[in-house]
């Protein structure tokens, strides 16, 4: 078996093209406020990429940069101002934040209606209870788009999510459960992990360990979604041993070019949805 390599770039391009058409019909463009603390190189690259993609679809962006040693109060004051600004549709705080800042308090301070990252406890609670109007975390939303494209009927499939972060693992597991999957949520303390992966019809890996999941661990015909992005011996790779996994899986996402582009596209879609909700459209 040779897996079909999922083209996340093309999927994202299709979503962006559709969004661009919809945004042209709005009375005013949505506005996305982007906050970055410090000058971490990776964060700067991510922020510029998000701003460029937003501009492409017709979303205006406002960038707020803070020094690495900024205070909690400085950030909270800005967020409170943006919360009250009727022209701001979405607020994004680029993570991670420096150690002196309370990340959860900052994320909690964002108006849940403008929480385009989907990290606010209110949106997490809506997801938990199956409410359709929740702003979903962008990466899990992108993962579900991929799965819906390659396998529209997920009901009854055994899904294993490896990694239990609040950003990817937990919300993805909840979304899969709501789609009728039997879901196993595994992590770094899980015993006999390779035996679990061999049972999974859908394998979502987001553990941040380069090529930890070996090709021999994968069930024949499984759909493999690799969320990891790591550097190994000077090259980019995912959490799954890609070449070996291609001999077992039916579909697989590459790294880079798989889940990443969908994450950005879903962030923009969330901004559009937030704008519509705030303007009763």
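Some observations on this one:
- Helix axis angle, 8-24 relative to the chain longest principal axis, alpha carbon, degrees: 30 degrees
- Relative to the longest principal axis of the Cα atoms of the chain, the long axis of helix 138-150 lies at roughly 50 degrees.
- The value of relative contact order for region 52-157, using C-alpha pairs under 8 Å at least six residues apart, is 18 percent.
- Rg/Rh ratio calculated on Cα atoms of region 1-74 (Kirkwood radius): 1.13
- Rounded, prolate or oblate (a/c below 1.5 giving rounded, otherwise prolate when a/b exceeds b/c) for region 60-211 by Cα gyration tensor: prolate
- Taking all Cα pairs closer than 8 Å and separated by 6 or more residues, the relative contact order of the chain comes to 23 percent.
- The distance linking region 1-60 with region 192-250 is 26 Å (Cα centroid to Cα centroid, whole angstrom).
- Extension gain for residue 49 to residue 233 (0.36 nm times residue separation, less C-alpha to C-alpha distance): 63.7 nm.
- Among 227-234, 248-255, the peptide with the highest mean count of other Cβ atoms within 10 Å heads the list, and the full ranking is 248-255, 227-234.
- Cα gyration tensor category, rounded, prolate or oblate, for region 27-111 with a/c compared to 1.5: oblate
- The Cα atoms of region 137-260 give a gyration tensor whose axes a ≥ b ≥ c have a/c under 1.5, which makes the shape rounded.
- Reference-scaled alpha-carbon Rg (2.2 N^0.38 Å with N residues) for the chain: 1.01
- Helix 72-84 vs. the chain, principal-axis angle (Cα, 0 to 90°, nearest 10): 80 degrees
FYI, it's all coordinate maths here, none of it is from the lab. Remember, it's a predicted structure, so these values are computed and weren't measured experimentally. Please note: Cβ atoms are built from the backbone with ideal geometry, for glycine as well, and neighbour counts cover all protein chains shown.
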